[in-house]
Amino acid sequence: VLSAAILLTGIASVSVSCKSKKATPIEQQTGAVEISVPFSGKEFQTDKENFRARSSGNSPDMVTAKKIALQNAKSEMAGMIQSTMKKVTEQYTQQRQMGNTQEFNNKFEELAREVTNQTLTDVAVIGEKIYKETNGTFTYWVAIQANKQTVLEGMTKTISQNQKLAQDYDKKKFEEIFNSEMDKLGQIIVTGK
């Protein structure tokens, strides 16, 4: 009976070790362990049609963990939209050869912040996962998305309400530059360059 138990234990340990993943060279050298991050696939990354962001939140309360994750993801997305709109505005004002470029840029950036805030109230949740940790806390992961057309339409609408900016606004030109920047942003995130 004892030899049968030892034999079964030996078989079990061999089958467990066969199933375990081989360590990568970095793991072998440093002891570090690769962690799989939820929503890291291509469908959760910004592309030429959508701004996307993902983040997590941890709390003893599940609802609070969700709020933290959403706030973190929205913050990340806001930064991405702001950065893109800044590039678009700079290119647009350079190409349009306006009189007071600095004033125009400042006003555009202010409007871009307004549009970003409006956009973030309407983001779509495209993925969510909740984990209960061993210490009893909750970790909530969320992926969100905002369509580029929503951002562009919001900008156009906001500009049209400002008489001074509306006089110098060429919607077609602005949209062309915006689309070009979205194409670049999608390529940077996909290729990592």
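The values are calculated or read from the model by the stated rules, or taken from the named source; none is laboratory data. No experiment lies behind these values; they were computed from the predicted model shown. Here Cβ is always computed from backbone atoms with ideal geometry, including for glycine, and neighbour counts include all displayed protein chains. Remember, those area values only see protein heavy atoms, side chains included, never the ligands or the DNA or RNA. Shrake-Rupley method; radii C 1.70, N 1.55, O 1.52, S 1.80 Å.
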When only DSSP loop residues count, what GluC sites (Glu not before Pro) in segment 28-86 have their Cβ near at most 16 other Cβ atoms within 10 Å?
Glu34, Glu49
Links exceeding 23 Å between C-alpha atoms in this model, out of Lys42/Lys173; Lys87/Lys107; Lys42/Lys132; Lys86/Lys164; Lys74/Lys172; Lys148/Lys172, come to Lys42/Lys173; Lys42/Lys132; Lys74/Lys172
For segment 102-181, what is the accessible area per residue in Å², given a 1.4 Å probe and the full set of protein chains?
55
Accessible surface of segment 99-193, 1.4 Å probe, proportion on carbon and sulfur as whole %:
46
Describe numerically, in nm with one decimal, the distance between label points set 7 Å from Cα along Cα→Cβ at Gln167 and at Glu43.
5.0
Non-local residues with an amide H under 5 Å from the amide H of Ile126, with H modelled 1.01 Å from N and Pro and chain starts lacking one, are Ala143, Ile144, Gln145
Which order do Glu181, Glu153 take when ranked by solvent-accessible area (1.4 Å probe, heavy atoms of all protein chains), largest first?
Glu153, Glu181
Between Gln118 and Glu90, what length in nm is gained on full extension when 0.36 nm per residue of separation is reduced by their alpha carbon distance?
7.9 nm
